[in-house]
Amino acid sequence: MTQKQTPSQTIGPFFAYGLTPEQYGYNLTSIAAPDVANKDQAGEHIRIEGQIFDGEGVTVGDAMIEIWQADAAGRYAHPADSRGSNADFTGFGRVGTGTDPERRFFFETIKPGAVGDGQAPHINVIVFMRGMLNHAYTRIYLSDEVEANAADPVLAGIPDHRRGTLIAKRDDSGAGPVYRFDIHMQGADETVFFDL
Amino acid sequence: MTDKLGFKPRNWNSHPAYLSPDYKSTALRSPTKPLVPLAQSLSEITGPVYGHESVGPLDADLTRNGATAGEPLGERIIVTGRVLDEDGRALPNTLIEVWQANAAGRYVHAADQHDAPLDPNFFGGGRCATNAEGWYAFKTIKPGAYPWGNHLNAWRPNHIHFSLFGPSFATRLITQMYFPGDPLLDLDPIFLATPEAARGRLVADFSLEATEPGVALGYRFDIVLRGRNETPMED
Ligand SMILES: [Fe+2]
């Protein structure tokens, strides 16, 4: 029997104790965290961080970001990927922007491998916040993957002047590699959001 | 091999528009450019796998999981229903996370400034998972209405926030469940941002069948996530 989709509603301002409780210090176990990979996880360990800007350029302090990614070998921890991923790498991370003084989101993870379908290595992203009635999908591509990015069919379909909004800039000046990925909800640098 | 099938699109006749001017916060937080169509690949048809193993012993009983020295105040309720896809197929072993205000309309969240009492015996966050037939249930306290700053004398109707993954990244859903007969529904810019024909899907039904005699009123709330395409994805 045909059913109709349940409408989306906003996450609202008060999600933290339910969805990101440990990060915010509430007494409930979290199902996911900003730390996606443990120390022993195979692959290059990286940090991803960024800020979310609203239409006036103000940082958003009550957003939640989720990431979903393949492991270093390009495999997803999900039954539809029959190749199988590293046993203890879920590839899923979740963080709120309300605990960092600069309202950054941040993930400690590993650099994803290419899935092998012609797409460049990337991290799948969902953005939620008060004031958004639907979540928004975007992707993080990696600035050091120059050749793979040039051949990526998704990036190829995006107008030149917007493509850069999907590419996180790698910084090797610190202790470990950091990819900086800012999200602009509106304006000249508005991030590309996907309908998928 | 249903695992390899992509998912039907988000039905924009069911979901609110990003920009809904009566809900003022959407003005600066809505994408202004059209969404870019993205063909589904393994990245979209896979997703985090969470089920029963993510649910602790008290997680589905919000009348007990925050109790410190007694029972929470308010009207005990049971919320139950099925999680289905658009073809009516049950979605088994799928995680549901919920969060809500207490009976006085106050959240435990540190940023909630509403001058209503916290309840030392109520936390307001929990989770449950669907069984093999897609049924879920949790016990809680009926949340109170609370004021918010959207406009003069704005009050949110009683609601419970729901978060679901479903089988893939594409089926992710965050929504709110409302209660039947609430006079605030007709005044709420968030509920009213939903296309009119779809609003009823956000309102639970009172259910005598789900009511536990002498203990708690029952409400039925079914949730429908995006269904599978009939034809396999291109490789
Ligand atoms: Fe709420």
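At a glance:
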item	result
For B:P31: the one exception among (1) open to solvent by 30 Å² or more (accessible area, probe 1.4 Å); (2) facing another protein chain (nearest Cβ under 7 Å); (3) out of contact with any Pro (no Cβ under 9 Å at 6 or more places or on another chain)	(1)
Residue in region B:201-211 that is closer than 21 Å to A:N134 by Cα and open to solvent by 50 Å² or more (accessible area, probe 1.4 Å) present	yes
Number of the condition not met by A:E44 [criteria: (1) at pLDDT 95 or above; (2) more than 15 Å from the chain's Cα centre (by Cα); (3) surrounded by 17 or more Cβ atoms within 10 Å (Cβ to Cβ)]	(3)
Single match in B:L192, B:L217 (criterion: open to solvent by 20 Å² or more (accessible area, probe 1.4 Å) and away from the ligand (no atom under 16 Å from the Cβ))	B:L217
Count of residues meeting criterion [touching a strand residue (DSSP E or B) at 6+ places or on another chain (Cβ under 6 Å) and in a loop (DSSP other than H, G, I, E, B)] in region B:66-85	2
Residue check, B:S14 outside any loop (DSSP other than H, G, I, E, B), surrounded by 15 or more Cβ atoms within 10 Å (Cβ to Cβ) and at pLDDT 95 or above	no
Residue check, B:W148 within 15 Å of the ligand (Cβ to nearest atom), facing chain A (nearest Cβ under 10 Å) and open to solvent by 10 Å² or more (accessible area, probe 1.4 Å)	yes
Some residue of region A:108-119 being buried (at least 23 other Cβ atoms within 10 Å of the Cβ), away from chain B (no Cβ under 14 Å), touching a residue at least 40 places away in the same chain (Cβ under 8 Å) and not in a helix (DSSP H, G or I)	no
Any chance B:P9 is open to solvent by 50 Å² or more (accessible area, probe 1.4 Å), closer than 22 Å to A:I67 by Cα and either at pLDDT 95 or above or of a type in the set (D, E) (or both)	yes
Among the candidates B:R127, B:R156, residue that is within 16 Å of the ligand (Cβ to nearest atom), within 11 Å of chain A (Cβ to nearest Cβ) and charged (D, E, K, R)	B:R156
Some residue of region B:89-96 being in contact with a helix residue (DSSP H, G or I) (Cβ under 8 Å, 6 or more places away or on another chain), buried (at least 21 other Cβ atoms within 10 Å of the Cβ) and either of a type outside the set (G, A, S) or in a strand (DSSP E or B) (or both)	yes
Which numbered condition B:L38 fails, given (1) under 25 Å from B:I160 (Cα atoms); (2) buried (at least 18 other Cβ atoms within 10 Å of the Cβ)	(1)
Of all residues in region A:58-80 being open to solvent by less than 10 Å² (accessible area, probe 1.4 Å) and among the charged types (D, E, K, R), the one that is farthest from the other protein chains (Cβ to nearest Cβ)	A:D71
Candidate set: region A:129-155, residues that are within 10 Å of chain B (Cβ to nearest Cβ) and more than 30 Å from A:G98 (Cα to Cα); chosen: the one most open to solvent (accessible area, probe 1.4 Å)	A:P153
Selection from region A:5-30 of residues that are in contact (Cβ under 8 Å) with a residue 12 or more places away in the chain and either part of a loop (DSSP other than H, G, I, E, B) or more than 7 Å from chain B (Cβ to nearest Cβ) (or both)	A:S8, A:Q9, A:T10, A:I11, A:G12, A:P13, A:F15, A:T20, A:Q23, A:Y24, A:S30
Sole residue being more than 9 Å from every other protein chain (Cβ to nearest Cβ) and over 24 Å from A:D40 (Cβ atoms), chosen from A:F105, A:F89	A:F105
Breaking point among (1) within 15 Å of the ligand (Cβ to nearest atom); (2) within 30 Å of B:N93 (Cα to Cα), for B:A132	(1)
Matching option when the condition is assigned to a strand (DSSP E or B), open to solvent by less than 10 Å² (accessible area, probe 1.4 Å) and either farther than 15 Å from A:Q186 by Cα or out of contact with any Leu (no Cβ under 8 Å at 6 or more places or on another chain) (or both), among A:I158, A:I123	A:I123
So B:A204, is it more than 11 Å from chain A (Cβ to nearest Cβ), within 17 Å of the chain's Cα centre (by Cα), hydrophobic (A, V, I, L, M, F, W, C) and within 16 Å of the ligand (Cβ to nearest atom)	yes
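A quick yes/no check of all residues on (1) more than 7 Å from chain B (Cβ to nearest Cβ); (2) more than 16 Å from the ligand (Cβ to nearest atom); (3) of a type in the set (A, V, I, L, M):
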{"site": "A:N38", "(1), (2), (3)": "yes, yes, no"}
{"site": "A:A42", "(1), (2), (3)": "yes, yes, yes"}
{"site": "A:R47", "(1), (2), (3)": "yes, yes, no"}
{"site": "A:E56", "(1), (2), (3)": "no, yes, no"}
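The values are calculated or read from the model by the stated rules, or taken from the named source; none is laboratory data. Keep in mind the model is a prediction, meaning the values are calculated, not measured. Note: ideal-geometry Cβ built from the backbone for every residue, glycine included; neighbour counts use all protein chains shown. These accessible areas exclude ligands, DNA and RNA; they are computed on the full protein's heavy atoms, side chains included. Shrake-Rupley method; radii C 1.70, N 1.55, O 1.52, S 1.80 Å.
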